[in-house]
1. Using the Cα gyration tensor of segment 21-86, with a ≥ b ≥ c the square roots of its eigenvalues, what is the shape: rounded (a/c below 1.5), prolate (a/b larger than b/c) or oblate (neither)?
2. Using the Karplus equation 6.51 cos²θ - 1.76 cosθ + 1.60 (θ = phi - 60°), what ³J(HN,Hα) coupling, rounded to whole Hz, does each residue of segment 97-110 give in order, writing x for Gly and Pro?
3. Whole angstrom only: what separates the Cα centroid of segment 189-207 from the Cα centroid of segment 92-152?
4. Can you list the aspartates and glutamates whose alpha carbon sits under 19 Å from that of Lys60, skipping same-chain ones fewer than 8 residues off?
5. Quick one: which residues, 5+ away or cross-chain, put their amide H under 5 Å from the amide H of His89? H built at 1.01 Å from N.
6. So how do Met67, Met161 line up by other beta-carbon neighbours within 10 Å, fewest first?
7. In what sequence do Thr208, Thr118 fall when counting other Cβ within 10 Å, fewest first?
8. Using the Kirkwood radius built from alpha carbon pairs, what does the Stokes-Einstein equation give as D for segment 3-213 at 20 °C and 1.002 mPa s, in µm² per second?
Amino acid sequence: MPIVAPSLLAANFLKLEEECKMVNSSEADWLHLDVMDGQFVPNISFGIPVIEQVKKVITKFCDVHLMIETPENLVPAFKKAGADSIIVHYEVCPNLHRNIQQIKELGMKPAVAINPHTPVFLLEDILADLHHVLIMTVNPGFGGQKFIQHSLEKVSALRKMIDERKLDVLIEVDGGVTVENASSLVNAGADILVAGNTVFSSKDPLQTISQLKAVSR
């Protein structure tokens with residue numbers, strides 16, 4: 001069964017406490033938190049104050065996805081706010097190994113995200129240092145986008161890299177994940193399904209989470 005991580009970006013921000021309690025009561029394993037700076041991606045979402053408040057309610061593992069430039073400047077503050085893992089983007093980290101070591105030293109799970117145009121082979125030299133890799137299956141910045149089909153090939157290629165080297169690294173996918181394509185993603189090698197609109201726009205979010213959780217290889 002995959003790890004299911006509802007994405008807070010798609011929640012009703014007028015009812016954040018209620019939405020967090022729904023996730024707590026669900027079969028979801030993680031809560032995914034998208035932080036955007038309006039520079040690396042063309043949108044601004046939320047930041048440290050919101051995560052601090054969410055952490056007072058949420059009981060799930062908090063997976064913080066930093067879609068920001070110079071993430072090293074703020075990683076300690078996100079740790080203090082309650083992040084359990086930090087995802088930084090390959091595209092903005094010229095000293096990626098240093099970024100990963102910083103996250104580890106602060107006691108969080110380190111992860112790297114790659115955009116749709118970034119090939120998975122570029123992660124070869126950092127893969128052994130990671131807890132998980134996030135493959136963006138849409139262009140980052142906005143929720144509700146259409147899934148990019150080529151992403152399935154990227155998931156398969158990364159799964160092969162991980163398995164051949166006998167590494168304990170998880171594959172996360174984010175963007176356009178639905179109940180309908182979840183099985184294809186898991187069969188391709190995905191371990192973690194991030195779902196935003198699919199969960200929070202559902203008539204029955206708890207049932208939708210259960211359906212995602214029930215997918216098996």
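Readers should treat all values here as calculations from the given coordinates under stated rules, not as data from a laboratory. Here the structure is a predicted model, which means the values were calculated and not measured. Neighbour counts are summed over all protein chains in view; Cβ atoms, including those assigned to glycine, are modelled from backbone coordinates with ideal geometry.
1. Prolate is the answer for segment 21-86, as a/c is 1.5 or above and a/b outweighs b/c.
2. Per-residue couplings from phi come out as 4, 5, 4, 5, 5, 4, 4, 4, 4, 8, x, 10, 7, x Hz.
3. Spelled out, the Cα-based centre of one part sits 20 Å from the other.
4. Glu17, Glu18, Glu19, Glu27, Asp29, Asp34, Glu52, Asp84, Glu172, Asp174, Asp191
5. Those lying under 5 Å, H to H, from His89 are Ile68, Ala113.
6. Values: Met67 25, Met161 19.
Going from least to most buried by this count: Met161, Met67.
7. Numbers: Thr208 21, Thr118 17.
Ranked by crowding around the Cβ, least crowded first: Thr118, Thr208.
8. Working: Rh = 16.9 Å.
Diffusion coefficient, whole number: 126 µm²/s.
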